[in-house]
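The values are calculated or read from the model by the stated rules, or taken from the named source; none is laboratory data. Computed from a predicted model, the values in this text were never measured in an experiment. Note that each Cβ is placed from the backbone with ideal geometry, even for glycine, and that neighbours are counted across all protein chains shown. In case anyone asks, the SASA skips ligands and DNA or RNA and just uses the protein heavy atoms, side chains included. Shrake-Rupley method; radii C 1.70, N 1.55, O 1.52, S 1.80 Å.
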Amino acid sequence: AVRVNVADGIRAIYHGGTRAEIIWTDEDITAFTAKAIELGQEHIADGLRMAALTGLRRADLVTLTWAQVEEYSIVKKALKSSRRRRRVASIPRIPDLDALLDVLKTRYRDEGVQTILVNSYGRPWTAEGFGGSFNRIRDASGIVHVDEETGVEKKKHLHDVRGTFATKL
């Protein structure tokens, strides 16, 4: 038996419980993309579509390079550590992902930029820059999750798109 809980009294960093049931629907993705295009920010919708087809975290999305795109998969060493190890993600190149990659090859990029996703200036995104821009389009689109039991609305996060990818697979 433990006599003293050394963690007792430490406040929780994350509130809100599980988000496992929150995914982005095709309608959400369509509304987000339409709003991004309307606002001249299609490059932000590129990131949403890439997340929905790869399941990558934000930091891994914005650092993904063309060199990591292989013949049958995308192979990326995750920036986040899990159990003190960085995992390698191997994402299958399904037809929808290949079609998106073909579109992303046509985006303007500054000379020497090798990231798949680029901002409106043709430069690599920072994680914070992409996250903030993403949230502005999400909010302008009015995209929320409504809890079926309580009716409480929660904003859908970029990280929730990872569940969308898993659900689609």
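Observations, loosely collected:
- Within region 55-69, tally of residues that are modelled with pLDDT of 95 or more and more than 13 Å from THR126 (Cα to Cα): 5
- Scanning region 146-157 for residues that are open to solvent by 20 Å² or more (accessible area, probe 1.4 Å) and either touching a helix residue (DSSP H, G or I) at 6+ places or on another chain (Cβ under 8 Å) or among the acidic types (Asp, Glu) (or both) yields ASP147, GLU148, GLU149, GLU153, LYS155.
- Any hit, region 96-109, residues being surrounded by 13 or more Cβ atoms within 10 Å (Cβ to Cβ), touching a strand residue (DSSP E or B) at 6+ places or on another chain (Cβ under 7 Å) and at pLDDT below 90: no
- Flag for ASP102 being part of a helix (DSSP H, G or I) and in contact (Cβ under 8 Å) with a residue 24 or more places away in the chain: no
- Pairs with Cβ under 7 Å, 6+ apart, first in region 50-73 and over 14 Å from THR115 (Cβ atoms), second among the polar types (S, T, N, Q): ALA52/THR164; SER73/SER90
- Residue in region 2-9 that is modelled with pLDDT of 85 or more and surrounded by fewer than 19 Cβ atoms within 10 Å (Cβ to Cβ) present: no
- Residue match in region 97-119 (condition: in contact with a helix residue (DSSP H, G or I) (Cβ under 7 Å, 6 or more places away or on another chain) and among the aromatic types (Phe, Trp, Tyr)): no
- Qualifying residue in region 124-134 (condition: over 17 Å from ILE29 (Cα atoms), in a loop (DSSP other than H, G, I, E, B) and touching a Gly at 6+ places or on another chain (Cβ under 9 Å)): yes
- Restricting LEU61, LEU48, LEU56 to residues that are touching a helix residue (DSSP H, G or I) at 6+ places or on another chain (Cβ under 8 Å), buried (at least 21 other Cβ atoms within 10 Å of the Cβ) and assigned to a loop (DSSP other than H, G, I, E, B) narrows the list to LEU56.
- Residues of region 64-80 that turn out to be touching a helix residue (DSSP H, G or I) at 6+ places or on another chain (Cβ under 9 Å) and open to solvent by less than 50 Å² (accessible area, probe 1.4 Å), as a count: 6
- As a summary of the residue check, THR115 satisfies the conditions (1) open to solvent by less than 60 Å² (accessible area, probe 1.4 Å); (2) at pLDDT below 95; (3) of a type in the set (Ser, Thr, Tyr) except for the one numbered (2).
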